[in-house]
Amino acid sequence: MADNLPTEFDVVVVGTGLPESIIAAACARSGQRVLHVDSRNYYGGNWASFSFSGLLSWIKENQQKTDLSDECEDWRKLILEDEEAIPLSSKDKTIQHVEDFCFGDQDSAEGVEEAGALPKLPVFGAPGAQGLSPASEKESPTAEGISLGSEQSPAAEGSEKENPAAERPGEEPQSPEAEQAPAPGAGAGTAPGHGTAPSTALGESALEPAKTETAPSENAAQEPKKITYSQIVREGRRFNIDLASKLLYSRGPLIDLLIKSNVSRYAEFKNATRVLAFREGKVEQVPCSRADVFNSRQLTMVEKRMLMKFLTFCLDYEQHPEEYQDHESSTFAQFLQTRKLTHSLQHFILHSIAMVSETESSTLEGLQATKKFLQCLGRYGNTPFLFPLYGQGEIPQCFCRLCAVFGGIYCLRHAVRCLVLDRASGRCKAIVDHFGQRISASYFIVEDSYLSESTCTNVCYRQISRAVLITDQSVLNTDSEQQVSILTVPPLGLGRAAVCVIELCSSTMTCMKDTYLVHLTCPSTKTAREDLEPVVQKLFNLNTEKETENEELEKPRVLWAVYFNMRDSSGVEKSSYSGLPSNVYVCSGPDSALGNDCAVKQAETIFREMFPTEEFCPPPPNPEDIIYDEDEIEPEESGLNNSPETKPESSAEESSSGDGAAVTKEEMNE
């Protein structure tokens with residue numbers, strides 16, 4: 001199918017991470033011809049989510065570091081005399097120090113098959129690697145949830161269930177060759193949510209804040225069910241494990257973009273139910289809202305008044321510069337000490353509300369972070385955060401679907417060998433793929449991991465330490481098992497960074513029943529295991545059942561764990577890359593921050609540099625506002641005219657895209 005690809009596009013995007021997917025969607029929405037390719041056989045790159053078996057395959061691939069074989073060895077012969085080739089890397093070097101461990105009952109999992117799994121396919125061009133099973137190979141739950149603007153007809157839903165192998169963004173193509181996917185059949189994450197934990201529809205403020213438990217229940221400390229390794233393997237499709245652990249601020253740029261572009265209809269979200277703190281060796285719940293503060297049993301009445309007074313000040317601190325201008329050169333932690341706050345309140349504000357560094361963040365940075373936290377409260381629930389059902393990997397897929405709806409073409413397992421530079425103009429004019437096909441375009445977007453070592457010689461990368469745990473109970477048990485928690489663990493020593501811990505329950509569709517999925521993230525100082533294992537030992541029990549001591553019995557038991565380091569390419573200036581033409585733009589991978597602000601800002605900046613007069617991801621036109629000329633309606637009704645000017649409507653989404661000569665009422669008025 002790749003031989004039939006058009007040879008000319010407006011924009012070619014290499015890599016399907018979040019920034020690239022947003023740019024691809026924005027370009028397609030503005031009428032550009034977009035080709036979106038990825039050498040991997042799954043969407044998302046380092047933003048992807050995997051089932052358990054898919055993650056095991058990913059671990060094996062990164063531990064072996066199998067280099068992709070050159071399928072077209074003589075591609076250099078395609079470069080003309082007045083051209084120059086900029087080779088791209090065929091080997092992903094963004095993941096290092098991958099270590100996985102099984103702490104649960106290690107019964108033999110040989111011969112145990114993942115329930116409902118599709119046949120595995122080999123990675124294209126990597127003969128030794130098993131096919132990865134992306135997170136979207138998920139079983140749709142039977143419970144109902146809330147989704148925004150789902151336009152899928154009952155007939156389409158039925159056809160999707162009958163053909164679960166149909167390709168869509170996030171699902172592995174069922175052909176070993178590169179697939180061309182002009183329009184996915186179903187939206188990523190449009191499956192219903194879990195009945196016991198309703199999901200949130202973006203664009204609708206919660207009328208009643210979600211009820212959360214403020215105090216642990218004594219009766220909740222029941223003995224957790226024993227989960228064996230073979231059970232985890234068998235229920236592997238219940239897991240959707242993110243490579244990059246993130247939450248969405250309810251008033252952040254990503255939420256605004258999802259609502260504005262109507263991409264939110266392709267996904268569902270669950271409100272994070274509680275913010276936790278780790279203090280004096282114990283996990284405590286942090287009161288966030290006004291109601292939480294006054295209902296808290298952890299704070300005295302005096303502390304409640306102190307906290308409310310300080311948080312009220314933070315909401316409009318710009319109006320009272322006299323309160324902080326003498327401390328602008330101080331750290332936020334030092335500023336808090338001047339506010340007559342108790343030690344516990346200082347800890348809550350610094351590590352659980354502002355979530356900034358104790359030694360590096362300035363007073364202004366702390367005040368800004370605290371204000372951002374407070375402004376996000378109450379929009380969708382009692383905390384500022386949302387989490388997408390089925391994992392963070394759903395978000396890039398949602399933007400890929402928008403791009404496909406507006407004509408973008410998708411090819412997975414489609415490696416790009418080089419960029420072709422025109423020496424006379426100094427601009428990139430084409431790419432050469434692994435079939436030896438030249439594809440021309442005006443602009444090229446490349447994810448950082450595809451750049452060769454020679455291009456990145458002068459780039460200094462940071463690293464992120466990541467750990468993913470499967471546990472048998474929550475770090476803080478309450479009457480409700482369905483909790484989504486965020487916890488910041490302060491640095492355990494000099495030179496170490498604070499660790500962000502996100503704990504997900506089964507109602508987020510990221511893990512099997514009776515288990516929790518725990519993500520740990522921090523900027524790297526050493527290997528991921530060296531950075532994060534001390535925190536894991538503080539919060540969890542790593543011993544087998546026979547070795548467990550009495551003081552460890554109260555801690556959640558780790559059943560399985562993986563540690564890895566991921567490259568942080570955010571903040572790298574384009575000038576740091578060697579020899580890149582002006583019409584080639586580089587997108588970074590995930591950063592260590594909690595939100596997705598960096599990716600969204602980068603995508604918008606690149607789009608505006610390419611198309612300064614176009615609107616960035618405008619809302620799709622309302623189908624009711626589309627007006628057709630009479631001459632165009634008649635042949636369309638007859639069903640005999642398939643000319644490009646009068647495309648027949650194949651779906652509700654295509655009719656809303658405004659293709660052909662369709663215009664909106666607003667455009668008519670202008």
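Looking only at region 463-474, how many residues end up being modelled with pLDDT of 95 or more and open to solvent by 10 Å² or more (accessible area, probe 1.4 Å)?
Final tally of qualifying residues: 1.
Kindly establish whether MET308 is at positive phi and among the hydrophobic types (A, V, I, L, M, F, W, C).
The answer is no for MET308.
Just to be sure, is LYS304 part of a strand (DSSP E or B) and either more than 15 Å from THR488 (Cα to Cα) or open to solvent by 70 Å² or more (accessible area, probe 1.4 Å) (or both)?
no
With TYR585, TYR516 as the choices, which residue is modelled with pLDDT of 95 or more and in contact with a helix residue (DSSP H, G or I) (Cβ under 6 Å, 6 or more places away or on another chain)?
Going through TYR585, TYR516 in turn, just one is modelled with pLDDT of 95 or more and in contact with a helix residue (DSSP H, G or I) (Cβ under 6 Å, 6 or more places away or on another chain): TYR585.
For SER329, only one of the following conditions fails: (1) part of a helix (DSSP H, G or I); (2) over 17 Å from LEU350 (Cβ atoms). What is its number?
For SER329, the exception is condition (1).
List the number of the failed condition for PHE313; all other conditions in (1) open to solvent by less than 10 Å² (accessible area, probe 1.4 Å); (2) without any contact (Cβ under 8 Å) to a residue 12 or more places away in the chain; (3) of a type in the set (Phe, Trp, Tyr) hold.
For PHE313, the exception is condition (1).
Picking from HIS414, HIS434, which residue would you name as being buried (at least 22 other Cβ atoms within 10 Å of the Cβ) and within 30 Å of ALA267 (Cβ to Cβ)?
HIS414
Examine region 89-99 for a residue that is under 30 Å from SER425 (Cβ atoms), open to solvent by 20 Å² or more (accessible area, probe 1.4 Å) and either touching a helix residue (DSSP H, G or I) at 6+ places or on another chain (Cβ under 7 Å) or modelled with pLDDT of 90 or more (or both), and state whether such a residue exists.
For region 89-99, residues under 30 Å from SER425 (Cβ atoms), open to solvent by 20 Å² or more (accessible area, probe 1.4 Å) and either touching a helix residue (DSSP H, G or I) at 6+ places or on another chain (Cβ under 7 Å) or modelled with pLDDT of 90 or more (or both): present.
Can you spot a residue in region 404-423 that is more than 28 Å from the chain's Cα centre (by Cα) and outside any strand (DSSP E or B)?
yes
Checking GLY408 against (1) over 30 Å from ARG274 (Cα atoms); (2) among the small types (Gly, Ala, Ser); (3) open to solvent by 20 Å² or more (accessible area, probe 1.4 Å): exactly one of these is not met. Which one?
The number of the failed condition is (3).
Would you confirm, using the coordinates I've provided, whether GLY571 is surrounded by fewer than 17 Cβ atoms within 10 Å (Cβ to Cβ) and touching a Cys at 6+ places or on another chain (Cβ under 9 Å)?
Yes, satisfied.
Please count how many residues of region 16-31 are in a loop (DSSP other than H, G, I, E, B) and over 17 Å from THR605 (Cβ atoms).
Residues flagged as in a loop (DSSP other than H, G, I, E, B) and over 17 Å from THR605 (Cβ atoms) within region 16-31 amount to 2.
Of the residues GLU503, GLU533, only one is farther than 30 Å from SER454 by Cα and open to solvent by 20 Å² or more (accessible area, probe 1.4 Å); which?
None of the other options fit; the residue is GLU533.
Which residues, counting only those in region 345-360, are of a type in the set (Ser, Thr, Tyr), open to solvent by 20 Å² or more (accessible area, probe 1.4 Å) and assigned to a helix (DSSP H, G or I)?
none
Can you tell me which condition GLY366 does not meet? The list is (1) small (Gly, Ala, Ser); (2) part of a loop (DSSP other than H, G, I, E, B); (3) in contact with a helix residue (DSSP H, G or I) (Cβ under 8 Å, 6 or more places away or on another chain), and all the others hold.
(2)
Where the second residue is of a type in the set (Ser, Thr, Tyr) and the first is more than 22 Å from TYR249 (Cβ to Cβ) and lies in region 264-285, which pairs have Cβ atoms under 7 Å and are six or more apart or on separate chains?
What qualifies is ARG279/SER344.
The values are calculated or read from the model by the stated rules, or taken from the named source; none is laboratory data. Quick caveat, the model's predicted, so the values are computed rather than measured. In this analysis, Cβ positions are derived from the backbone assuming ideal geometry, glycine residues included, and neighbour counts consider all displayed protein chains. Note: accessible area is taken over every heavy atom of the protein model, side chains too, but ligands, DNA and RNA are not part of it. Shrake-Rupley method; radii C 1.70, N 1.55, O 1.52, S 1.80 Å.
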